Amino acid sequence: MKATNYPYIEYSKETFSNEEMLQRSKDYLDFTDKRRTVRDFSSEEIPLEIMENIIMTASTAPSGAHKQPWTFCLISNKALKKELRNLAEEEEKKSYNGRMSEEWLKDLAPLGTNWEKEFLDTVPWIIVVMKKAYDLEENGNKRTNYYVSESVGLACGFLLLAIHNAGLVALTHTPSPMNFISKALKRPENERPFLLIPVGKPATKIQVPDLKRKEKNQVIEYYL
Ligand code: IYR
């Protein structure tokens, strides 16, 4: 398929035998299966360029009409991290003490979460992923973006695996409601907070919940 009047370039992708594909797919599954959400971070600093590479990996994700409707706010500023912690905790306190249903709190119990978000203070980096509801041109014109949540969700998936691949850990944090983030980061009106992702090395000797992942027959419906 080829649209006329637009530039096209040659694209070639390495292919493999079935045997090699089987091995590669298994190896990658083993690797991704080792990713865990972590809530206890070391404060060890991580170089900026590593974070930039991770974010640019996320930005290779497919997006509606290739609009790449995302901004990644990359935060190491200590005062700002403290401010985000305070604001997040203010909201989370209200959520855990009344806004969340009994069922929700029960579902979260095995994860051991609560309103306290100390990690926002201790991590070397916080990535705040913003989704662009529409694009704002310099002259103030609005341009439509498409499948914005799907696109930004895909970019976050790429981001999490890039973090894992670099040897770092992350937490997909969703303080709710998130409007305080737009204010604290002074984001433009076309951007909405999507996820807040602390990134760093794990603290020493941490534990994670003994979660089981669903089996093949629980997540695949076959139509062969
Ligand atoms: N946003 C709260 C609650 C929370 C909700 C879900 I769904 C989780 O998987 C984990 C936490 C918090 O961050 O604590």
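List of remarks:
- Average silhouette area of region 37-202, convex hull of alpha-carbon atoms, in square nanometres: 10.1
- Comparing Ala79, Phe119, Ser101 along the charge dipole axis of the chain, the residue lying farthest to the positive side is Ser101, per the Cβ-charge model.
- The chain, relative contact order [Cα under 8 Å, separation at least 6], %: 31
- Computed over protein heavy atoms with a 1.4 angstrom probe, the accessible surface ordering of Trp125, Trp115, largest first, is Trp115, Trp125.
- Hits among lysines - C-alpha to C-alpha of Lys117 under 16 Å, sequence gap 8 or more where chains match: Lys78, Lys81, Lys82, Lys93, Lys94
- Accessible-area rank, largest first, for Asp135, Asp33: Asp33, Asp135, with all protein chains present and a 1.4 angstrom probe.
- Accessible surface area normalised per residue over region 58-182 is 52 Å², counting heavy atoms of protein chains with a 1.4 Å rolling probe.
- Cα centroid separation - region 48-70 against region 201-224, whole Å: 25
- For the chain, the fraction of 1.4 Å probe accessible surface lying on carbon and sulfur atoms is 51 percent.
- Loop-exposed trypsin sites (Lys or Arg not before Pro) per DSSP, neighbour cap 15 Cβ within 10 angstrom, longest uninterrupted part of the chain: 37-185
- Exceedance of the 31 Å cut-off in Cα-Cα distance is limited, within the set Lys34/Lys131; Lys131/Lys201; Lys34/Lys142; Lys2/Lys26, to Lys34/Lys142; Lys2/Lys26.
- Area accessible to solvent at Ser25, 1.4 Å probe radius, in Å²: 70
- Three semi-axes of the equivalent ellipsoid, region 1-84, Cα gyration tensor, whole Å, largest first: 34, 25, 11
- For region 129-224: rounded, prolate or oblate by the Cα gyration tensor [a/c cutoff 1.5]: oblate
- Shape call, region 63-115: gyration tensor on alpha carbons, a/c limit 1.5: oblate
The values are calculated or read from the model by the stated rules, or taken from the named source; none is laboratory data. On a predicted model such as this, the values are computed, not experimentally measured, just so you know. Using ideal geometry, Cβ is built from the backbone for each residue, glycine included, and neighbour counts are taken over all protein chains shown. The protein model used for the area step is the full one, side chains on, heavy atoms only, and it has no ligands, DNA or RNA in it. Shrake-Rupley method; radii C 1.70, N 1.55, O 1.52, S 1.80 Å.
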